[in-house]
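The structure appears right after this line, and notes come after that.
The values are calculated or read from the model by the stated rules, or taken from the named source; none is laboratory data. Bear in mind the structure is a predicted one, so any value in this text is a computation, not a measurement. Heads up, the Cβs are rebuilt from the backbone with ideal geometry, glycines too, and the neighbour counts pull from every protein chain shown. These accessible areas exclude ligands, DNA and RNA; they are computed on the full protein's heavy atoms, side chains included. Shrake-Rupley method; radii C 1.70, N 1.55, O 1.52, S 1.80 Å.
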Amino acid sequence: MRDRNAPVGVFDSGIGGLTVAREIMRQTPGERIVYFGDTARLPYGSKSQETILRYSRQIVRFLNTQRVKAIVVACNTASAYALDELEKETDIPMIGVIRPGARTAAASSANGRIGVIGTEGTIASGIYTRYIEAIDPKIKITGKACPLFVPLVEEGLWQDPVTDEIARRYLGELIDIGIDTLILGCTHYPLIRSTVGKIMGDKVTLVNPAYETARELKALLKERDMENDEKPGILDDRYRFYVSDAAEKFKRFANSIIKYGILSARAVNIEEY
Ligand code: DGL
């Protein structure tokens, strides 16, 4: 077993996973984090399962070199396509974002109609539908792929008329169906939550799986007696960020998402792992 004071590894294709990392920082402030954003190879959402599995394996190998004690797959696409395989290949505990999101949505819906927005890969995998139906087979789930959202978020167009227009086109059919709960099934989407919320209206609950994911991590560390017990002062350099490309751009965005201060973001050649 790894050292209890080792970091937690968190990864995504880019900045989206920072919405999960931010929640982990909030709920478990004593934990160290090593974050990896695969900025050279994003988006993940339009790629095949085989490719996402290969990328995810490389990232897990990289995180292993950082001696992480647990890994949070802070990417819906990688959780959908790779998590089951990754879990078989390593003995480090892993948490994805889909199961926690499905649980929260099933508990939140009163009318039994839930929408899921995500990447093409996540929606095509049907994984949210499977998990929610396993909780309550009466719930009707409608998925909608929103492939343009990730590039809009990565370009910083979080509040912009272009994003409004595209969101209206994507979300129209979910409004017509009368869903009362919408899962933000891509970790980039919480960054355009206000746009999505404005279009869906205040009768629709938006579910961001980050909160439940961080809770699950907290419970897992406690259950396995792996919580960090270092004194707060020692933890001053507790967050480390790595990317596969464009470290400066990542750092700029990351600093506007995470208020804890990102001192540095380093580029690594992920193809070497
Ligand atoms: N943020 C990721 C997700 O949750 C991936 C987005 C992408 O790279 O397409 O699916």
### Query
Which one of Ser244, Ser13, Ser194 has the biggest mean-square fluctuation once the chain is modelled by GNM with Cα springs under 10 Å?
Ser194
### Task
Identify which of Val196, Val97, Val20 has the largest mean-square fluctuation in a Gaussian network model of the chain, with springs joining Cα atoms closer than 10 Å.
Val196
### Task
Please quote Rg/Rh for the range 69-108 to two decimal places, taking the Kirkwood radius as Rh and restricting both calculations to Cα atoms.
1.02
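How high is the FRET efficiency between Lys140 and Asn64 when r is their beta carbon distance and R₀ equals 41 Å, given to the nearest 0.05? Working shown, then result.
Working: r = 41 Å, r/R0 = 1.00.
Rounded to the nearest 0.05, the efficiency is 0.50.
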### Task
List the trypsin sites (Lys or Arg not before Pro) within the range 1-34 that fall in a DSSP loop (any state other than H, G, I, E or B) and whose Cβ has at most 11 other Cβ atoms within 10 Å.
none
### Task
Enumerate the whole-percent occupancy of each 5 Å bin, from 0 to the last occupied one, for all C-alpha pair distances of the chain.
1, 6, 14, 18, 20, 17, 12, 7, 4, 1, 0
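Pairs Lys140/Lys249; Lys69/Lys251; Lys203/Lys251; Lys47/Lys69: which are spaced more than 32 Å apart, C-alpha to C-alpha? Display every interim value, and only then the final one.
Details: Lys140/Lys249 40 Å; Lys69/Lys251 25 Å; Lys203/Lys251 36 Å; Lys47/Lys69 29 Å.
In this structure, Lys140/Lys249; Lys203/Lys251 lie more than 32 Å apart at Cα.
Can you work out the FRET efficiency for the pair Gln27 and Glu272, with r the C-beta to C-beta distance and R0 = 25 Å, to the nearest 0.05? All intermediate terms of the calculation are to be shown ahead of the outcome.
Details: r = 33 Å, r/R0 = 1.33.
About 0.15, to the nearest 0.05.
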## Note on the structure
Residue span Asp3 to Thr51: 0.36 nm per residue of separation minus Cα-Cα distance leaves a gain in nm of 14.1 nm
#### Entry: Principal-axis tilt of helix 18-27 within the chain, Cα atoms, nearest 10 degrees
70
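Students sometimes get this wrong: rank Arg266, Arg113 by accessible area, probe 1.4 Å, all chains present, largest first.
Values: Arg266 115, Arg113 90 Å².
Ranked list, largest accessible area first: Arg266, Arg113.
Can you list, largest first and rounded to whole Å, the semi-axes you get for the range 146-273 by taking the square root of 5 times each eigenvalue of its Cα gyration tensor?
Details: eigenvalues 206, 94, 35 Å².
Equivalent-ellipsoid dimensions as semi-axes: 32, 22, 13 Å.
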### Task
Please report, largest first and rounded to whole Å, the three semi-axes of the ellipsoid equivalent to the range 79-162, where each semi-axis is the square root of five times an eigenvalue of the C-alpha gyration tensor.
24, 21, 11
### Query
Taking springs between alpha-carbon atoms closer than 10 angstrom, which of Asp164, Asp236, Asp136 fluctuates most in the Gaussian network model of the chain?
Asp236
### Summary
Counting all Cα-Cα pairs in the range 16-86, those more than 15 Å apart amount in percent to 55
### Query
What percentage of all Cα-Cα pairs in the range 32-141 are separated by more than 16 Å?
59
### Query
Between Asp237 and Arg215, what is the label-to-label distance in nm when each label sits 7 Å out along the Cα-to-Cβ direction?
3.5
### Query
Based on the Cβ-Cβ distance from Arg193 to Glu248, what FRET efficiency comes out when R0 is 25 Å, to the nearest 0.05?
0.45
### Message
From the Cα trace of the range 89-135, what convex hull volume per residue do you get, rounded to a whole Å³?
### Response
98
### Message
Placing +1 on the Cβ of each Lys and Arg and -1 on the Cβ of each Asp and Glu in the chain, which of Tyr81, Pro232, Tyr35 has its Cα farthest towards the positive end of the resulting dipole?
### Response
Pro232
### Query
Across every pair of different alpha-carbon atoms, what Kirkwood hydrodynamic radius in Å does the range 204-256 reach?
14.5
### Query
Setting aside same-chain residues fewer than 8 positions from Lys231, which aspartates and glutamates have a Cα under 20 Å from its Cα?
Asp3, Glu31
### Task
For the range 57-204, divide the Cα radius of gyration by the Kirkwood radius and give the resulting Rg/Rh value with two decimals.
1.00
